[in-house]
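Novice: My questions will all concern the structure given below.
The values are calculated or read from the model by the stated rules, or taken from the named source; none is laboratory data. What you are looking at is a predicted structure, and each value in this text was computed from that prediction instead of being measured. Glycine gets a Cβ as well: all are built from the backbone with ideal geometry, and neighbour counts include every protein chain shown. When the accessible area is computed, the model is the full protein with side chains, heavy atoms only, and any ligands, DNA or RNA have been set aside. Shrake-Rupley method; radii C 1.70, N 1.55, O 1.52, S 1.80 Å.
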Amino acid sequence: MSAPWRGFASDNYAGIHPEVLEAIARANDGHAIAYGDDDETERLRELVREHFGPQAQVFPVFNGTGANVVALQAICRPWEAVICAESAHVNVDEGGAPEKVAGLKLWTVPTADGLLTPDLVDVHAVRAGDVHRAQQAAVTITQSSELGTAYSIEALGTLADHVHSLGLRLHLDGARLANAAAGLGVTLREVTTDVGVDAVSFGGTKNGAMGAEAVIVLNPDLAAAVPFLRKSAMQLASKMRFISAQLSALLTDDLWLRNARHANAMARRLESAVRAVPGVEIVRRVDANAVFAVLPSAATERLQRDYRFYTWDDHTGEVRWMCSWDTTESDVDAFAAAIDREMRG
Ligand SMILES: Cc1ncc(COP(=O)(O)O)c(C=O)c1O
């Protein structure tokens, strides 16, 4: 076996946090009722109410695409549609699952920074009642966004009010919700329930879980359908206790926050180390755990021989450097030094 390595490709390249692994081992005790009627899942329900507010209902699932598909189906009827940023994971990285599995049209809009605004939503808030147009029912946003940026609490509140004034509902893809909340210095409740989000895809995997996500329904009107949608979307785990135990571990002793704060701090460390390197341009705000930069493609290719990371945009040469809960200061410093050496020749 080759030596263990860490790179900057994705926060889901990281392993499992030891506290999550211990929680899985603790849950591995005797028999438990299948499909969510177990004590672990009951404990998760309590923790989610504590963190998101008393009306929050949690439905664990296997992955983020599944969470998004189930949540959007809970909001939309079969002939309806979802407004999203062109860069949204639901649009570019889910293999068409929202369209194929949920049968939902996506109305996409280009953004400057991965974030929607009321004006951008309005681009598609048209022709309501027109039988020829897939009728918008949901707006989905990603927090933190695919471009490493995050909505402020004020921006979220304004957007949610606008979405609701149009008679639509707001879904939040929170694959990196922990990183956004940590960056803003707010609770999970303040960044979701309190601003008026209707349903959340809550991510655990990028935050130190082995593989655990959840649909969290905040608008009680949407909850009744979710158990049925989750089953038909093939996201109902029989041994659910092991998924629930992972999410509960993240929501215990602020593990979610410790992990997210650390990943964000590593991204800021990388950003400040490379900002002054000639020929490297940081092109996005670093609000969470990702750094986006433009550098010459030849330099990218040489760096990628030693460090894994993705080219985000082949046309502009923009790359993404992602930090995770287990990125160390020396990982960052060594990578920044390699970038510096590469660029200074
Ligand atoms: C914004 C966003 N949403 C959702 C997901 C979840 O994807 P998966 O279905 O691979 O768990 C990801 C993972 O990359 C993501 O970045």
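Novice: Rounded to the nearest whole Å², what accessible area per residue is found for region 45-154 with the 1.4 Å probe?
Specialist: On a per-residue basis, 40 Å².
Novice: What full-extension length gain, to one decimal in nm, is calculated for GLU50 and ALA25 as 0.36 nm per residue of separation minus the Cα-Cα distance?
Specialist: 6.6 nm
Novice: Do any chymotrypsin sites (Phe, Trp or Tyr not before Pro) in region 1-98 lie in a loop, going by DSSP, with at most 14 other beta-carbon atoms within 10 Å of their beta carbon, and if so which?
Specialist: Here the chymotrypsin sites (Phe, Trp or Tyr not before Pro) that fit, given the DSSP loop and packing criteria, are TRP5, TYR35, TRP79.
Novice: If you don't mind, there's one more thing I want to ask. Any idea what the alpha-carbon Rg over 2.2 N^0.38 Å comes to for region 248-288?
Specialist: 1.54
Novice: Which order do the peptides 133-146, 94-107, 160-173 take when ranked by the mean count of other beta-carbon atoms within 10 Å per residue, highest first?
Specialist: 133-146, 160-173, 94-107
Novice: Working out 0.36 nm times the residue gap between ASP221 and TRP5, then minus their Cα-Cα distance, what length gain in nm do you get to one decimal?
Specialist: 73.1 nm
Novice: To the nearest 0.05, what FRET efficiency results for ALA334 and GLU154 with a Förster distance of 51 Å applied to their C-beta separation?
Specialist: 0.85
Novice: Quick one: with all protein chains in place, what share of the accessible area of region 1-142 is carbon or sulfur, to the nearest percent (1.4 Å probe)?
Specialist: The computed percentage sits at 52.
Novice: Using the crude model of +1 on Lys and Arg Cβ and -1 on Asp and Glu Cβ, and no other charge, please compute the dipole size for region 46-193 relative to its Cα centre, in debye to 20.
Specialist: Dipole about the Cα centre, nearest 20: 400 debye.
Novice: Read phi for every residue in region 289-294 and hand back ³J(HN,Hα) as whole Hz from Karplus 6.51 cos²θ - 1.76 cosθ + 1.60, θ = phi - 60°, with x for Gly and Pro.
Specialist: For region 289-294, the Karplus curve yields 10, 10, 10, 10, 9, 10 Hz.
Novice: Loop only per DSSP, at most 14 neighbouring Cβ atoms within 10 Å: give me the GluC sites (Glu not before Pro) in region 237-345, ordered by residue number.
Specialist: none
Novice: Restricting attention to the alpha-carbon atoms of region 202-345, what are Rg (one decimal) and Dmax (integer), both in Å?
Specialist: 19.3, 61
Novice: Another question, then. Percent relative contact order of the chain, based on C-alpha pairs within less than 8 angstrom and at least six residues apart?
Specialist: Relative contact order comes out at 24 percent.
Novice: Say each of ASP93 and GLU42 gets a label point 7 Å from the Cα, pointing the same way as Cα to Cβ; how far apart are those two points in nm?
Specialist: 3.7
Novice: Please work out the Cα convex hull volume for the chain and give it in Å³ per residue.
Specialist: Per residue, the Cα convex hull of the chain comes to 139 Å³.
Novice: Under 20 Å from a label point 7 Å along Cα→Cβ of ASP306: give me every residue in region 1-41 with its amide N that close.
Specialist: 2-10
Novice: Among VAL121, LEU172, HIS89, pick out the residue whose Cα is farthest towards the positive end of the charge dipole of the chain, where Lys and Arg carry +1 and Asp and Glu carry -1 on C-beta, about the Cα centre.
Specialist: Comparing the listed Cα positions along the dipole, HIS89 ranks first.
Novice: With labels modelled as points extended 7 Å from the Cα through the Cβ direction, what inter-label distance (nm, one decimal) is found for HIS315 paired with HIS164?
Specialist: In this crude label model, HIS315 to HIS164 measures out at 3.8 nm.
Novice: Running Debye on region 272-345 with equal point scatterers at the Cα sites and no solvent, what base-10 log of I(q)/I(0) appears at q = 0.11 Å⁻¹?
Specialist: Results for region 272-345 at q = 0.11 Å⁻¹ read -0.24.
Novice: I'd like to check one number: the per residue accessible area of region 247-345, probe 1.4 Å, reported in Å² as a whole number.
Specialist: Per-residue value: 47 Å².
Novice: When the helix-only estimate is applied to the chain (DSSP H runs of n ≥ 4, each -39,500 (n - 2.57), divided by the residue count), what is the mean residue ellipticity at 222 nm, nearest 500 deg cm²/dmol?
Specialist: -11500 deg cm²/dmol
Novice: Can I ask one more? For a distance above 19 Å, tell me the whole-number percent of Cα pairs in region 15-103 that qualify.
Specialist: Distances greater than 19 Å cover 58 percent of the Cα pairs.
Novice: Of ALA160, ALA182, LEU236, which is farthest on the positive side of the dipole of region 150-237, counting Cα position, with +1 on Lys and Arg Cβ, -1 on Asp and Glu Cβ, and the Cα centre as origin?
Specialist: LEU236
Novice: Taking H placed 1.01 Å from N in the peptide plane, check which residues at least 5 places from TRP107 or on another chain put their amide H under 5 Å from its amide H.
Specialist: Placed amide hydrogens put VAL82, ILE83, CYS84 under 5 Å from TRP107.
Novice: Taking 0.36 nm per residue of separation and subtracting the Cα-Cα distance, what length does fully extending ASP254 through SER232 add?
Specialist: Answer, rounded to one decimal: 4.6 nm.
Novice: I've got another one for you. If one computes the Cα centroid of region 198-236 and of region 1-33, what distance in Å separates the two points?
Specialist: So the two Cα centres are separated by 20 Å.
Novice: For region 152-256, with only Lys/Arg (+1) and Asp/Glu (-1) charged at the beta-carbon, what is the dipole magnitude about the Cα centre, in debye rounded to 20?
Specialist: It works out to roughly 580 debye.
Novice: In terms of modelled amide H atoms, which long-range or inter-chain residues lie less than 5 Å from the amide H of ASP313?
Specialist: Counting only residues 5 or more places away or on other chains, the set is GLU318.
Novice: Over region 193-345, what percent of the accessible surface lies on carbon and sulfur atoms, probe 1.4 Å?
Specialist: 49
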